[in-house]
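The values are calculated or read from the model by the stated rules, or taken from the named source; none is laboratory data. Just so we're clear, the structure is a prediction, and the values are computed from it rather than from any experiment. Note that each Cβ is placed from the backbone with ideal geometry, even for glycine, and that neighbours are counted across all protein chains shown.
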Amino acid sequence: MKINDNFLKIQSSYLFSNIAKKVNAYTAANPDKPIIRLGIGDVTRPLAPACITAMHKAVDDMADEKTFMGYPPEYGHKWILKAIAENDYRARGVDIDESEIFLSDGAKSDCGNIGDILSVDNKVAVCDPVYPVYVDTNVMAGRSGDFVNGGWSNIYYMPCTAENNFLPSLPTEKVDIIYLCFPNNPTGMAITKTELKKWVDYANENGSLILFDSAYEAFITEDDVPHSIYEIEGAKTCAIEFRSFSKTAGFTGVRCGYTVVPHDLKADGTELNALWARRQATKFNGVSYITQRAAEAVYSEEGKKQIREIIAYYQNNAKVIYNGLKDCGFTVYGAKNSPYVWLKTPDNMGSWEFFDTLLNEIQVVGTPGEGFGPSGEGYFRLTAFGSAENTAAAVERIKNYFAK
Ligand code: MLT
């Protein structure tokens, strides 16, 4: 037998696994030095009480012959799809039909799996820095070419740096698939409706597909920033959208997200919706009933209120990090519409060097920008998903250390 040797091309370990290994090694060697983790964007607040109540009730349903559920419908129960269509779309003036929504175990899986329905011949464009899943899954699929001079030869990189205010420029050569994530991971920067319209127009004019990751939309505070790409006219013929309950409702450990594939989105007359439906029905057996009930509760009146409070808690952490580092002389970005703060490393320090300094000297963990791509070198990401106490303590440690 032969393996898929594309796997031999990528680093043997995923970015956040590498960081976890480094941090675990440090903790083993220094058990008396407590670490503050603001690296991976993992939530720390418990689930909203409305979700917990719904899950308890769902467990009871599973204990009773009359309400017991076996395999869930592969794309999601009608009631959760309806709640999503009404709250995430119709409430924003966007008409998405339930049959265009596919519930899943999370946006990360869908962002990776979507490649199954797309030819390996497509030319892929990504922002740089970028969420590593978009790149790694295309390497695994054989779309990347070879790794030369710090980048993949067949991937089109769109640098996002302070010089362009972290907004990619439209490609200057023909690309087929464009990954966009806004509000952005890792930079924490957002895109306005006017700017996003340029991408939708580009994609429609060039027959390109936009894969729009909207996992962080709950953190948007500004009116001219779209929560969904379908708020932009023309997006239904060129875009697939990924959504997550992880950052919105703290479901990183529960696992639930969804993908929208509009019926209007076609390639040579074939609806991508039909291909994704076929893919999911074959390779995915649906989201557990208990999880779907928890997700449904996100859209209840009390669920919405409780979740708004949790998001506000993280938004406040983002402000604490942003303002604290700014006061200390750092150049900082993001935070306004995002749980991520992106900072320029001081004195042109390399981003891994900065990582090691924070870990070894003050026991604060963040994510080195270079881990997200070559243009991330010289930058560093901190997340607002920690507890308020840990966030404030981390900022104090950074301030004290760099004030020296
Ligand atoms: C991150 O830290 O970039 C995210 O938590 C990763 C993810 O959502 O999978």
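Data table
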| read-out | value |
| --- | --- |
| Residue tally, condition farther than 25 Å from Ala203 by Cα, assigned to a loop (DSSP other than H, G, I, E, B) and among the aliphatic types (A, V, I, L, M), over the stretch 214-272 | 1 |
| Among the residues listed as Phe380, Phe330, the single one being more than 20 Å from the chain's Cα centre (by Cα) and within 28 Å of Cys181 (Cα to Cα) | Phe330 |
| Answer residue from the stretch 246-288, given it is among the β-branched types (Val, Ile, Thr) and free of Cβ contacts under 8 Å to residues at least 60 places away in the same chain and is nearest to the ligand (Cβ to nearest atom) among those | Thr282 |
| Filtered residues of the stretch 356-388 (kept if part of a helix (DSSP H, G or I) and either within 16 Å of Asp42 (Cα to Cα) or outside the structural domain of Lys22 (by TED's automatic domain parsing) (or both)) | Ala388 |
| Search result, residues across the stretch 1-48 that are part of a loop (DSSP other than H, G, I, E, B), away from the ligand (no atom under 16 Å from the Cβ) and surrounded by 14 or more Cβ atoms within 10 Å (Cβ to Cβ) | Ile10, Ile35, Leu47, Ala48 |
| Only listed residue being at pLDDT 95 or above, acidic (Asp, Glu), away from the ligand (no atom under 16 Å from the Cβ) and closer than 27 Å to Lys197 by Cβ, chosen from Glu309, Glu302, Glu233, Glu296 | Glu233 |
| Residue within the stretch 136-153 that is under 16 Å from the mean Cα position of the chain (by Cα) and touching a residue at least 24 places away in the same chain (Cβ under 8 Å) present | yes |
| Of all residues making up the stretch 172-201, the number that are more than 16 Å from the ligand (Cβ to nearest atom), under 21 Å from Cys111 (Cα atoms) and not hydrophobic (A, V, I, L, M, F, W, C) | 1 |
| Qualifying residue in the stretch 97-105 (condition: of a type in the set (Phe, Trp, Tyr), within 16 Å of the ligand (Cβ to nearest atom) and outside the structural domain of Val341 (by TED's automatic domain parsing)) | no |
| Residues being surrounded by fewer than 19 Cβ atoms within 10 Å (Cβ to Cβ) and either touching a Pro at 6+ places or on another chain (Cβ under 9 Å) or of a type outside the set (S, T, N, Q) (or both) - total across the stretch 265-287 | 14 |
